[in-house]
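Taking it in order: structure first as structure tokens, then the write-up.
The values are calculated or read from the model by the stated rules, or taken from the named source; none is laboratory data. For clarity, every value in this text was computed on a predicted model and none was experimentally measured. Glycine gets a Cβ as well: all are built from the backbone with ideal geometry, and neighbour counts include every protein chain shown.
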Amino acid sequence: MKTYSVALIPGDGIGRDVTLAAWAVLEAAAKNYGFALRATEFPWSCAYYKETGAMMPVDGIETLRGYDAILLGAVGWPVEVPDAVSLHGLLLPIRKAFVQYANVRPHRLLPGVQGPLKFGNFDILCIRENTEGEYSGAGGRVHQGTSDEVAVETSIFTRRGVERILRFGFDQARQRSGKLASVTKSNAQKYSMVFWDQITNMLALEYPDVEVSSYHIDAMAARMVMAPESLDVVVASNLFGDILTDLGAAIQGGLGFAASANINPGRTAPSMFEPVHGSAPDIAHLGIANPIAAIWSGAMMLEHLGEPDAARRVMTAVEMVTSDGIGTVPGEHKTDAITVAVLSRLG
Ligand code: GGG
């Protein structure tokens, strides 16, 4: 039987609840479709940091490299570990080391979910550059604690990085409705973002069948609220993509529904699948986290592993559950109840 090895990193807070829920659903789907999933769990988290002084061991990346995929819950416990330490100690090194340069985040309303907008007929695929840009980690501070203190943080945009993420977006647009929106702030950021616009225009010549529009980030934020149905594939830099996809989560009913995939398109290393949400300390340990974003991320993992029928079945089960009003209102149903409902719809 075909067996996929998956590294599970539940992480912090609600990460554990939603990862275990997603795993139960994925294992059931695997059984139905004649393949197996083998999990190895890693305790890497802020609790691990408190014990060891690091978010993961020094050979953590090499340990993960041997897996077919990584399923991650959430990272962050700011009362004990500064967010900049936990993020730069686990999530960002994995994305960068494994060249997971395409962070794919779908935004659509699941049936039965009431979003905040008047219209619900949108289906947006946000593609966030995931390895450089504003998250490059290049910078420093001098004269700390004095009135002469200076902090510098440099965004890094490389031709290779910008071209490959835009090309990924163009390919996605071609497989969908043929529309691509590229997001920058090239009126204000006259080097990096003008560079991004130029590469967009250059690639547009290679994809004459794709209709390309360029937006400034502020105009795109407004469009996602006022006319989300006019958008399809949206490509943005690391920070802009991060912000836009929280907006995307909001219009799809909340972070409990927002899934994501950190994809290595060349398949030279494992890809990683994680809900967009963080560890949500305010509801951690209450058993009320919505597992749907994690389950949806798991379905994206099955698709990436080459099991599209199982992936579709998982999403159909989720949609049947939300159609019945289960998991559609924050806190109304327990994590376990939503998971059991999805499992029963899977059959
Ligand atoms: N689900 C993973 C997680 O904990 N995300 C929270 C977060 O802050 N992520 C940062 C990012 O995606 O840039």
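Looking at the range 260-278 only, could you name the residues that are more than 13 Å from the ligand (Cβ to nearest atom) and among the hydroxyl-bearing types (Ser, Thr, Tyr)? Lay out the reasoning, then the answer.
Of the residues in the range 260-278, the ones more than 13 Å from the ligand (Cβ to nearest atom) are 263-271.
Of everything in the range 260-278, those that are more than 13 Å from the ligand (Cβ to nearest atom) and among the hydroxyl-bearing types (Ser, Thr, Tyr) turn out to be THR268, SER271.
When each of ALA227, ALA249 is tested for being without any contact (Cβ under 8 Å) to a residue 60 or more places away in the chain and under 22 Å from CYS126 (Cα atoms), the lone residue that passes is ALA227. Across the range 42-79, the number of residues qualifying as outside any helix (DSSP H, G or I), more than 15 Å from the ligand (Cβ to nearest atom) and more than 27 Å from LEU302 (Cβ to Cβ) comes to 6. Taking the range 4-37 as the range and being part of a strand (DSSP E or B) and within 21 Å of MET315 (Cα to Cα) as the test, the residues that pass are TYR4, VAL6, LEU8, ALA36, LEU37.
State all residues of the range 124-150 that are of a type in the set (D, E, K, R) and either surrounded by 15 or more Cβ atoms within 10 Å (Cβ to Cβ) or not in a strand (DSSP E or B) (or both); if no residue qualifies, say none. The answer is ARG128, GLU129, GLU132, GLU134, ASP148, GLU149. All conditions but one from (1) closer than 26 Å to ALA299 by Cα; (2) of a type in the set (Lys, Arg); (3) in a loop (DSSP other than H, G, I, E, B) apply to LYS118; the one that does not is (1).
Taken as a whole, the condition of being touching a helix residue (DSSP H, G or I) at 6+ places or on another chain (Cβ under 8 Å), farther than 24 Å from VAL276 by Cα and either in a helix (DSSP H, G or I) or modelled with pLDDT of 95 or more (or both) applies to SER214.
Just one of the numbered conditions (1) more than 14 Å from the ligand (Cβ to nearest atom); (2) aliphatic (A, V, I, L, M); (3) over 26 Å from LYS118 (Cα atoms) is not true of MET224: (3). In the range 227-259, which residues are within 14 Å of the ligand (Cβ to nearest atom), of a type in the set (Ser, Thr, Tyr) and over 23 Å from VAL318 (Cα atoms)? SER237 - this is the single residue of the range 227-259 that is within 14 Å of the ligand (Cβ to nearest atom), of a type in the set (Ser, Thr, Tyr) and over 23 Å from VAL318 (Cα atoms). In the range 248-347, counting only helices (runs of 4 or more DSSP H) that sit wholly within it, the ones holding 3 or more residues that are within 15 Å of the chain's Cα centre (by Cα) and assigned by TED's automatic domain parsing to the domain that holds LEU64 span 292-305. Close contacts from the range 115-131, counting a first residue that is farther than 20 Å from GLY161 by Cβ and touching a residue at least 60 places away in the same chain (Cβ under 8 Å) and a second that is buried (at least 24 other Cβ atoms within 10 Å of the Cβ) and polar (S, T, N, Q), with Cβ to Cβ under 9 Å and a gap of 6+ residues or different chains, come to GLY115/GLN252; PHE122/GLN252; ILE124/GLN252. Does SER323 satisfy the criteria of being of a type in the set (S, T, N, Q) and surrounded by fewer than 17 Cβ atoms within 10 Å (Cβ to Cβ)? Yes, satisfied.
Note on the range 97-151: among residues that are aromatic (Phe, Trp, Tyr) and at pLDDT 95 or above, the one that is nearest to the ligand (Cβ to nearest atom) is TYR135.
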